[in-house]
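Each value in this text was obtained by applying a stated rule to the coordinates, not by laboratory testing. Model, not experiment: these values are computed from the prediction. Virtual Cβ from ideal backbone geometry, glycine too; neighbours counted across all protein chains shown.
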Amino acid sequence: MKISAFIWLVLTAVCLAQPIKIGDPDRSDAQARYLNRDDFRVLVEEMPKTELHTHLEGAVRPETILELAPKYGADLGVSGVEELKRKIEMRPGENLLDFLKKFDPFRFIFDHPESLRRVSYEMIEDMAREGVIYAEIRVNPVKHEEMLSIDGVLDAVLEGMHQACRDYPIEARLIVSLNRSYPLESAMRVARAAVARQGRGVVALDLAGDEVHHPASKFKEVFDYARSQGLHVTIHAGEAMGPESIVQALESCHAERIGHGLRLGEDPHLVQEVARRGVTLEMCPDSNRLINAVKDLKGYPLIAYKRQGVPVTISTDDRHIFDLTLVGEYMAMAEECGLSLQELEQISLTGIRKSFLKEAEKARLESRWSELSPTQ
Ligand SMILES: [Zn+2]
């Protein structure tokens, strides 16, 4: 199908307020217009997209690891990129412990400003190439401090990120991530370093890691300080633990967004409360599937939460460790959960409206989003 005729078909469906879905085109009726998978994918690729939950540590290209290892004296013990991918990518049947080991071969990347600048640049480049126009990336800056300080990590990541934004039609901001296992003193040092870089692209503080043994309430003081200095707050919660962990993130740390929030639905009253407050869920479908937090994506709760008024977004979480793309995640939600093109567009737009940008920046980006959208 020629793209112009194709877009015309799509626009007709939009004018008739028909949801556009994946399916047999001959089934199209007044209720929905169906497109085959390939045609639907073209529209998802064209769609201006946003990504709010993506870790630099999980977004390092295997090719870059292989190329840089000899320079820094790292022995990967592999003969080529395919072998390296088998080592660092999640495979079906592996679990959370396997996931944590995936990062071991390339920790050296985070010890040097020049390699950090490069992987940060390439992460933004990967997103821009698949049509992401706005991204909030995150990094945990506590690496090997004897090699590179917290300040050194953040400065290098910001430099790579800003350079990529100058070279590609994408905007990005940085979220600084704390690990739940940190002592309070260390978490506060990270928070101070994040606050000091607000004018240079840092917008928020995040909490990640072992949700089971380290409750968010432990970090109340750190998040109170960050908020008092103007940083936003997002907290990983409701992935390994149930609604009680989400309540802690909201009440102790005043989270404006929740990373994952997968298990929110176990408490229907909390679903209503999260919707009422407009707290956004940064959902990462295949990430949840690959670490066995969900069995498959058929009953993935994103659409149920969305229909109950909870703002939801879609992200890759760790794109190279999980071998994912954002287009692939949008397609998975369309194929497995029946989301329409228009619902995916709303989710993309939610990524701007619930971003940690200033209101004027959101308005400017939203008008760019509308110009780029094939159905607006
Ligand atoms: Zn995450």
Discussion item. If a residue must be touching a strand residue (DSSP E or B) at 6+ places or on another chain (Cβ under 8 Å), among the β-branched types (Val, Ile, Thr) and assigned to a helix (DSSP H, G or I), how many such residues does segment 249-291 contain?
Written reply: 1
Item to complete: Select from segment 51-70 the residues that are more than 16 Å from the ligand (Cβ to nearest atom), in contact with a helix residue (DSSP H, G or I) (Cβ under 8 Å, 6 or more places away or on another chain) and in a loop (DSSP other than H, G, I, E, B) and list them in ascending order.
Response: Arg61, Ala69
Worksheet item: Which residues, counting only those in segment 206-218, are more than 16 Å from the ligand (Cβ to nearest atom) and either part of a loop (DSSP other than H, G, I, E, B) or closer than 17 Å to Pro141 by Cβ (or both)?
Response: His213, Pro215
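Could you grab me the full set of residues in segment 324-346 that are part of a loop (DSSP other than H, G, I, E, B) and within 16 Å of the ligand (Cβ to nearest atom)?
Leu324
Is one or more of the residues making up segment 18-30 closer than 30 Å to His232 by Cβ, in a strand (DSSP E or B) and more than 16 Å from the ligand (Cβ to nearest atom)? Steps first, please.
Initially, segment 18-30 is screened for residues closer than 30 Å to His232 by Cβ, giving none.
Scanning segment 18-30 turns up no residue that is closer than 30 Å to His232 by Cβ, in a strand (DSSP E or B) and more than 16 Å from the ligand (Cβ to nearest atom).
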Worksheet entry | Selection count, segment 77-108, where residues are surrounded by 12 or more Cβ atoms within 10 Å (Cβ to Cβ) and either at positive phi or in contact with a Phe, Trp or Tyr (Cβ under 8 Å, 6 or more places away or on another chain) (or both) | 4
Worksheet item: Out of the residues in segment 265-323 that are out of contact with any Ser or Thr (no Cβ under 8 Å at 6 or more places or on another chain) and aromatic (Phe, Trp, Tyr), which is nearest to Arg353 (Cα to Cα)?
Response: Tyr305
Worksheet item: Which one of these does Leu349 not meet: (1) in a helix (DSSP H, G or I); (2) more than 16 Å from the ligand (Cβ to nearest atom); (3) crowded, with 16+ Cβ neighbours inside 10 Å; (4) free of Cβ contacts under 8 Å to residues at least 60 places away in the same chain?
Response: (4)
Discussion item. Could you tell me how many of the residues in segment 294-323 are surrounded by fewer than 24 Cβ atoms within 10 Å (Cβ to Cβ) and in a loop (DSSP other than H, G, I, E, B)?
Written reply: 14
Worksheet item: Only one of (1) crowded, with 22+ Cβ neighbours inside 10 Å; (2) within 16 Å of the ligand (Cβ to nearest atom) is not met by Val274, so which one is it?
Response: (2)
